[in-house]
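Only one structure is covered here, and it is reproduced in the block below.
Quick note: the coordinates plus some simple rules give every number you see, no bench work behind them. These numbers come from a predicted model, not from an experiment. For neighbour counting, all protein chains shown are included, and Cβ atoms are generated from backbone atoms with ideal geometry for every residue, glycine included.
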Amino acid sequence: MKGRAHKIRPTLGERPPSPASLLIVDAAELLTLRGAEGPRAHEAAQDLGIIEDGAVYSEGARLVDVGTTDEVLARHPRADLRIEAAGKVVAPGFVDPHTHPVFAGSREHEVEWKSQGLSYSEIAARGGGILHTVRATRESSEGDLARDATKRLRSMAASGTTTVEAKSGYGLRTDDELKILRAIAAAGHAAEIDVVPTFLGAHAVPPEFQTRPEAYVNLVREEMLPAIAANRLADFCDAFVDRGYFSANQAREILKRGADLGLRPKVHADELSDAGGAALAAELGAASADHLIHTSSDGIEAMARSRTIAILLPAASLASRLPFADGRRLLAAGVAVAIGTDFNPNCWCDSMPLAIALACHHNGLTPAEAITAATVNAAHAIGRGDQVGVLEPGRVADLVVLDMPSWRHLGYRFGGNAVETVVKRGSVLVDRRPGR
Ligand code: NIG
Ligand code: FE
């Protein structure tokens, strides 16, 4: 249907008119990620389900047909909008399974401290880190937080992210945590990408509880969690299990209470030290254990026996000059691996393609494993594996067109942005095609 006037704005903003039907044709490589249900481990993590000269057809928000261009055009010759993807790669929209996008202020001044060699914990001890952001976030209004987070989510979408998990954790008081979770929902709505909310009250012990951390654990368990569950503001409950933050025992109390209230556990595990986070995640049947930089062999084995997904966050290692998690070891043990950006005020990385390239160069993932980790496995890590992360009839029509000749370039290129078109629920959300 070339020549038919169909206005698509080149930049993000007000939603473009939703086409009733959409065809994307002639893709050099269509990465379907089709395969067995569930997260992919072992050999299955290498299989991208590639269709050469591929095409997809969607109606409304759902994919209806996926195959070679000849096959799809034979069944669906016309659509309201048709996108040519010759010489390009078409993939599921990226799923970013770990971000902290709602906060006030910023921490660019900490980069000077990093330049001087200060560690994450030393920066926190100087009054930087999480508690610096908590002070600013407590003073900020819900509207301002939502407005800033919307910009961040739109920037993520411009790099191909169509579903994002978003954590609270910069309020650390009941009203402020509720405010942040409402801002997460509002920002997802405004940015028109799907946001999966996670309550992270156990992100740090706030200043007013420094001398009595157990009282803060109680507050999270007895006041925050019931209020969040009653208002249906989060799908998951997370805890930062590490030296200087929460012990595995404190986190267990919080995560179990969350699970009783219907919030599935997640764990910030072993980022700064081996604090037993991975083993705790496995014990609780957590959806994911994230970071896993210092995880012991016992922790990895416990994860391999569980269904907990490992979320690797290579940009966090980059930002805090930490070692990179050994993804190869996790994969060899049979753990399903996902990757995320860990976007937060310490790690201002909103690009899943950058996380993919870092995971290939530093976490020991192959490019195919990293793409699996950024799509289908990431979707399972945030409870959306039945909807997104795979291009198959019946799934949500979330996809990206990448101006690169082959999928291997995703593991190869750093910086820049090869994302040309982002389709969210069957509508063009981002259009960076030349001349548009
Ligand atoms: O995932 N590790 C804990 N939380 C964040 C950092 C938050 C911050 O420094 O503001 C993370 O890296
Ligand atoms: Fe994090």
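Could you tell me the convex hull volume per residue, in Å³, taken over the Cα atoms of the range 156-303?
Details: hull volume 16.3 nm³, N = 148.
Taking only Cα atoms, the range 156-303 has a hull volume of 110 Å³ per residue.
Over the residues of the chain, the helix contribution to mean residue ellipticity at 222 nm works out to -9500 deg cm²/dmol, using -39500 (n - 2.57) for each DSSP H run of at least 4. Applying the criteria of a DSSP loop state and at most 13 other Cβ atoms within 10 Å to the trypsin sites (Lys or Arg not before Pro) of the range 284-356 yields R321. For the range 382-429, chymotrypsin sites (Phe, Trp or Tyr not before Pro) are listed when DSSP marks them as loop and at most 11 other Cβ atoms sit within 10 Å of their Cβ; the list is F414. What residues from the range 180-196 fall in the zone where the backbone N is under 19 Å from a label point 7 Å along the Cα-to-C-beta line of E139? What the label zone holds, given the 19 Å backbone N cut-off, is 180.
I'd like the distance between the alpha-carbon centres of the range 256-278 and the range 177-254, rounded to an integer number of Å. Between the Cα centre of the range 256-278 and that of the range 177-254, the gap is 11 Å. Normalised Debye scattering of the range 30-101 at q = 0.25 Å⁻¹ gives log10 I(q)/I(0) of -1.23, counting only Cα atoms as equal scatterers and leaving out solvent. Antiparallel beta bridges, as assigned by DSSP with both residues in the chain, represent about 45 percent of the total such bridges. Two numbers describe the Cα atoms of the chain: Rg and Dmax, which are 21.1, 70 Å. Subtracting the Cα-Cα distance of S297 and E71 from 0.36 nm times their residue separation leaves 76.5 nm of extension gain. How far is helix 130-139 tilted, in degrees, relative to the longest principal axis of the Cα atoms in the chain, given as a value from 0 to 90 rounded to the nearest 10? With rounding to tens, the tilt is 80 degrees.
Each of D175 and Q116 was given a label point 7 Å from its Cα along the Cα-to-Cβ line. The distance between the two points is 3.7 nm. Using a simple spin-label model with pseudo-atoms 7 Å out from Cα toward Cβ, R126 and N249 lie 3.4 nm apart. Taking trypsin sites (Lys or Arg not before Pro) across the range 102-205, the ones in a DSSP loop with at most 12 further Cβ atoms lying within 10 angstrom of their Cβ are R126. Annotation for the range 323-354 versus the range 137-176: alpha-carbon center distance of 21 Å. Computed over the range 386-436, the Cα gyration tensor eigenvalues convert (square root of 5λ each) into semi-axes of 21, 16, 8 Å, ordered from largest to smallest. Axis angle, to the nearest 10 degrees, between helix 142-158 and the longest C-alpha principal axis of the chain: 50 degrees.
Computed from the alpha carbon atoms alone, the convex hull of the range 45-181 holds 190 Å³ per residue.
With neighbour counts taken as other beta-carbon atoms within 10 Å, the residues T133, T366 rank, fewest first, as T366, T133. Taken along its three principal axes, the alpha carbon spread of the range 315-388 comes to 33, 26, 17 Å, from the longest extent down to the shortest.
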